[in-house]
1. Taking R353 as the residue in question, decide whether it is within 14 Å of ligand 1 (Cβ to nearest atom) and over 20 Å from F222 (Cβ atoms).
2. Residues of the stretch 111-165 being farther than 25 Å from V439 by Cβ, within 12 Å of ligand 1 (Cβ to nearest atom) and assigned to a strand (DSSP E or B), which ones?
3. Please specify each residue of the stretch 232-274 satisfying the condition of being touching a helix residue (DSSP H, G or I) at 6+ places or on another chain (Cβ under 8 Å), farther than 16 Å from P310 by Cα and away from ligand 2 (no atom under 16 Å from the Cβ).
4. Report whether or not D102 is over 19 Å from the mean Cα position of the chain (by Cα), at pLDDT 50 or above, of a type outside the set (V, I, T) and surrounded by fewer than 19 Cβ atoms within 10 Å (Cβ to Cβ).
5. Pick from the stretch 164-187 the residues that are crowded, with 23+ Cβ neighbours inside 10 Å and aliphatic (A, V, I, L, M): which of them is nearest to T410 (Cα to Cα)?
6. Do any residues in the stretch 155-167 that are closer than 18 Å to R198 by Cβ have Cβ atoms under 8 Å from those of residues that are within 16 Å of ligand 2 (Cβ to nearest atom) and in a helix (DSSP H, G or I), where the two are at least six apart or on different chains, and which pairs are they?
7. Name the single residue, out of those in the stretch 248-262 being more than 10 Å from ligand 1 (Cβ to nearest atom) and modelled with pLDDT of 95 or more, that is nearest to I408 (Cα to Cα).
Amino acid sequence: MKNRKKVLLTTTFSEGEGLRLPASTKIEQVISRREPVSFTPGDERGSIEGTFDDTRFIQKCAEDPNASRGIFSNELTRDAEGLKKRYPSALGYLPYFAELPDISDFFYVPTPAFGLRFIKESVDYPIDVLEYPTRKEYRLALESGYDIVGISFMTFKTYEALLMAKEAKECGVKEVWGGGYGVDTPAGLERYFDRLIRGHGEEKVSLLLTGNARMNKRHPVFIMEAKVGFYEFKIGYLISSMGCNMGCTFCHATTYMPKRVEVDIAEIERVLDIYVENGVAGVLLYDDNFSVRSEHARRVVDLLHERQIPFWFECRADDILGKVHELAEKGLFGICMGVESLRQQDLDSSRKRETTKQILSCINELKENDIWFMTTYMLGWEDYTPESIERDLERISSLGIPYFQAMIITPFPGTLIWKDWQDIITDRNWSHYDHQHLVFNHPNLTAEEASKALNRCYEMLTAETAISTLDAWEKKFGHRISS
Ligand code: B12
Ligand code: SF4
């Protein structure tokens, strides 16, 4: 095929992504990425200024110091001493404990670039994919000559994506495309990208490359080597559906992909069979919202059950309420549940369409059925104060939630709150749009207070939380994984 274009799809850089740590890698040095890197592309088409002041990430130097793969970190070092006592080789746990030299000896669950792999697998056209490249790898790829380069990015990676787009043009790439949640950022993207592709990418890319939008959505095989405590095992990822139409005002998924698209059951069976052949210990479902109300999701659960594969998914409380026992019987070992707040007025104002009663009942049900669970908690609702957050935290700890992910509410461009909050949004440095910074004018919280409150949340994730989490994972998983 002489006229075929050379196509490269890539994520943003690996610095800090932490999503592809090879099992053999030894970390010799840890460098916190604290120094802001100025970004002032400025050319004849105008200039954009910003900084990468993404201090959440650390970088590691492995055998090859140029291979700067990273670990995803949230800045804080936790109770390393407590962990050392219990797990002598373990100096940290989960992202929250990651500022420690040999976290990879202890815990990692690498995450591939799901979106790009789906596009590559589904579109009938040769496509190269770069996942979390170093700058050097990206440059080398560009120099090898591509006609089209597509960059996938989230909002907080906007500056980086712009830099990459600019570099692609400098290397003679004819067309640069942008995709992923970052394309909604009002940062003058159109000056650097020839096309901005929003929402599900497969059909649009297929149309652009083959002239035909019809294609078979194929599910890539995602088998990753993971490690929890002393166990190394294989994890299979499954994304059985994409998109969500629930309309929560803070959520980008629901405006960016309001149409829920389900992967064909036959395709899911094919992938699960490969997972079984390869001895995966468990499957992590990364659907935006795995809703067991849907016939499709129930069928997926049955397919996992038939194959005796333990599974984990992200869901809402109201969806699984009353069904936890049945799901546990079928192999559910853990969930991530979007809780966001334990106050009804917050759930109502964000159109979560759920009650605190449902959430609390669901937490009880999970505990009764010995399911490990983590929840999300968003701070920064209108009448929050440092004191009210402290009270919330006491409440959360009294509920015995094994692990919770705290976030500051972020009005991502493209969300419903982005529109509603225009008058109060004060910070348009896109690298702050990461759930870790307060970017709007809050009546009772300054940006520093919000950041302190977030740190308080992390402080609650102590070695005890880590150990109980590990114990739970090992208990559920131990029999399926080699020691
Ligand atoms: C899985 C997931 C993760 C995983 C993996 C992330 C990763 N890098 O891939 C983990 C747990 C690591 C994670 C972490 C974070 N996440 Co996350 N995550 C998700 C989740 C649940 C699903 C995303 C997914 O994989 N979907 C399935 C794939 C197949 O779809 P997709 O990636 O969207 O790709 C499709 C299209 O977008 C499009 N497309 C994508 N790229 C491109 C590129 C081109 C060129 C084209 C043409 C098309 C295209 O085509 C693809 C196929 O249809 C979403 C949504 C949700 N409901 O919460 C949040 C979400 C993406 N995460 C979000 C955030 C903020 C984060 C964190 C910053 C949170 C934090 N503070 O820690 C970190 C960032 C980590 C990092 N450096 O990447 C936000 C992003 C919002 C935004 N506007 O930026 C989301 C939307 C959740 C939310 N709060 O609303 N996340
Ligand atoms: S928060 Fe969850 S339920 Fe709400 S719109 Fe987003 S994915 Fe759907």
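1. no
2. Those that are farther than 25 Å from V439 by Cβ, within 12 Å of ligand 1 (Cβ to nearest atom) and assigned to a strand (DSSP E or B): V129, L130, I148, V149, G150.
3. I265
4. no
5. For the stretch 164-187, the residue satisfying everything is V183.
6. T155/Y181; T155/D184
7. Here the answer is T249.
Residues are listed down the side, and each one gets a yes or a no for (1) assigned by TED's automatic domain parsing to the domain that holds D264; (2) near ligand 1 (Cβ under 10 Å from one of its atoms):
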position: K174; (1), (2): no, no
position: G179; (1), (2): no, yes
position: L189; (1), (2): no, no
position: Y192; (1), (2): no, no
position: R195; (1), (2): no, yes
position: G199; (1), (2): no, yes
position: K204; (1), (2): no, yes
position: I235; (1), (2): yes, no
position: C244; (1), (2): yes, yes
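The values are calculated or read from the model by the stated rules, or taken from the named source; none is laboratory data. A quick note: this is a predicted structure, and the numbers were derived from the prediction, not measured. Every residue, glycine among them, receives a Cβ derived from its backbone with ideal geometry; neighbour counts consider all protein chains shown.
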